[in-house]
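Heads up, the thing below is written out as C-alpha cells.
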Amino acid sequence: MLIRGPQAAPNEGESGDGRADAALVAKICWYYFREGQTQDAIAQRLKMTRKRVNRILGDARESGFVQITIADPSGQRTELEEELIRKFNLRHAIVVPVPMGGTDVRSFIGAAAARYVAECLPPSGSLGITWGGTINAAAQNLPQRSGDGTRVVLMSGGLAESAPINPYDNATMIARALGARCYYLTAPMFAETAELRDILVASEPVRSVLAMVPSLDVALLSAIDLSEQSKALEYEVISRETRASLLEAGAVGDICGHYLDSSGKPLDHPLVQRTINPPIEHVLQIRHRILAAGGEHKVPIIRAGLLAGFGQVLVTDEAAASKLLD
C-alpha cells in the first residue's frame, strides 16, 4: 500500500481550511493498513473519535492518498525529519510512527530502511551491512532485484553459536533479495586475543573483504546499545561483565564494532582490540551511509553515531527522533 504526501491529503481534519493534516492522515493510514490496528485503538491513541478515524481512512482511499503498496508513512518530510536534518547536517531523515501494541520498532525501521536502500543503491552497486535486528528486518523487506552485478559485503564477523539474529543470515537474505554476490567476513565477531585478531585480519579472505569497504556505494548500519534492553546482552554476544567494563570506560554502544562515547569519540577498549571489523576511517569513506536504529533506549548510541559521522541518512522512529532533538 502506497501512502502519498500532503498534496493528495483528503478533505477532512481540524485545520482551518478543512483539510486534514497530511502527517496525521499518513499516521492513521500507517497504523491501520501497515500495523493492522483497529479504528478504536487508533482513535484512543490519537485522542479522537472512531467516527473521525473511519472518515479519514475512507477519504484517504477515495482520494488516492492510499494506493497499492505501502512506502513511507509520509510522502514528504515531517517536521521531525526537517529538524533532524538541520541539527545533524544530514542528507535525509526518515521518521516512522512509534508502533502500537508492543510491536518491535525494529520491524518498521527496517522496512523503511529497505525501501530507501532499494531507491539509492545503483545498478551493479555495492552494499555493506552490519548485524542486528533492524538489518534483519530490512533484509526481509527488500524489494526483489534481478542479478545485475550487485555485491553485498558483510562488515562484521559472525557468531559462533546460532542466535535469533545472525550476521551471516542477514547478509544471505539481502544478497538473495538483490540477486547479488555476497562476501562474508569468515571470522568470528571477536577474536580470543588482540594478537589473534591481527592474524585473522591479515589473512585471506578476511583481508580482501575488508579492503572492499572504502569503495562501497552504500552502507546500511545499525546501532547496538548498552542498555538493559540491549540485544547484544540478550543474545549473549557480550557478557554482563564486558558490558559493565564498556560502560565504565564511557561507551554508549557500538556501530560496526566501533564503541563510542556520548560525544561520538571512538574508545580504545580491550574488546575493540579483539573485534574483527573495518577501520573506522574506511567506514567513513563509504559514499552513502545509512544509520537505521530506533527506540528511546538507543538514543545515546544513535546520537554518538551521528556525531561520529556514521549516518548521512537516519532512519528512526518518532520517540527516538524527539529525544535526539531535546
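Taking the range 132-189, which residues are in a strand (DSSP E or B) and either open to solvent by 20 Å² or more (accessible area, probe 1.4 Å) or touching an Asp or Glu at 6+ places or on another chain (Cβ under 8 Å) (or both)?
Of everything in the range 132-189, those that are in a strand (DSSP E or B) and either open to solvent by 20 Å² or more (accessible area, probe 1.4 Å) or touching an Asp or Glu at 6+ places or on another chain (Cβ under 8 Å) (or both) turn out to be 151, 181, 182, 183, 188.
Condition first: more than 27 Å from residue 184 (Cα to Cα), open to solvent by less than 40 Å² (accessible area, probe 1.4 Å) and not in a strand (DSSP E or B). Can you find one or more residues in the range 265-281 that meet it?
Within the range 265-281, none of the residues are more than 27 Å from residue 184 (Cα to Cα), open to solvent by less than 40 Å² (accessible area, probe 1.4 Å) and not in a strand (DSSP E or B).
State yes or no: is residue 202 touching a helix residue (DSSP H, G or I) at 6+ places or on another chain (Cβ under 7 Å), of a type in the set (A, V, I, L, M, F, W, C), open to solvent by 10 Å² or more (accessible area, probe 1.4 Å) and farther than 25 Å from residue 309 by Cα?
For residue 202, the condition - touching a helix residue (DSSP H, G or I) at 6+ places or on another chain (Cβ under 7 Å), of a type in the set (A, V, I, L, M, F, W, C), open to solvent by 10 Å² or more (accessible area, probe 1.4 Å) and farther than 25 Å from residue 309 by Cα - is not met.
May I ask you to say which residue of 151, 115, 145 is closer than 24 Å to residue 276 by Cβ and among the charged types (D, E, K, R)?
Every option except 151 fails the conditions.
Give the range 208-260 a look and list any residue that's assigned to a helix (DSSP H, G or I), more than 16 Å from residue 270 (Cβ to Cβ), aliphatic (A, V, I, L, M) and touching a residue at least 12 places away in the same chain (Cβ under 8 Å), or say none.
Those that are assigned to a helix (DSSP H, G or I), more than 16 Å from residue 270 (Cβ to Cβ), aliphatic (A, V, I, L, M) and touching a residue at least 12 places away in the same chain (Cβ under 8 Å): 209, 210, 213.
Taking the residues in the range 285-300 that are in contact (Cβ under 8 Å) with a residue 60 or more places away in the chain and assigned to a helix (DSSP H, G or I) as candidates, determine which candidate is surrounded by the fewest Cβ atoms within 10 Å (Cβ to Cβ).
297
For the range 291-319, which residues satisfy the criterion of being of a type in the set (A, V, I, L, M) and farther than 11 Å from residue 225 by Cβ?
Residues of the range 291-319 that are of a type in the set (A, V, I, L, M), as a first pass: 291-293, 299, 301-302, 304, 306-308, 313-315, 319.
Residues satisfying the conditions are 291, 292, 306, 307, 308, 313, 314, 315, 319.
Scan 20, 60 and give me the residue that is surrounded by 14 or more Cβ atoms within 10 Å (Cβ to Cβ), modelled with pLDDT under 90 and in a loop (DSSP other than H, G, I, E, B).
Only one candidate qualifies: 20.
Which condition number does residue 326 fail, the rest of (1) farther than 24 Å from residue 96 by Cβ; (2) open to solvent by 50 Å² or more (accessible area, probe 1.4 Å) being met?
Exception for residue 326: condition (1).
The values are calculated or read from the model by the stated rules, or taken from the named source; none is laboratory data. All of these numbers come straight from a predicted model, not from anything done at the bench. All Cβ positions, glycine included, derive from the backbone under ideal geometry; neighbour counts span all protein chains shown. Note: areas computed on protein heavy atoms with side chains; ligands, DNA, RNA excluded. Shrake-Rupley method; radii C 1.70, N 1.55, O 1.52, S 1.80 Å.
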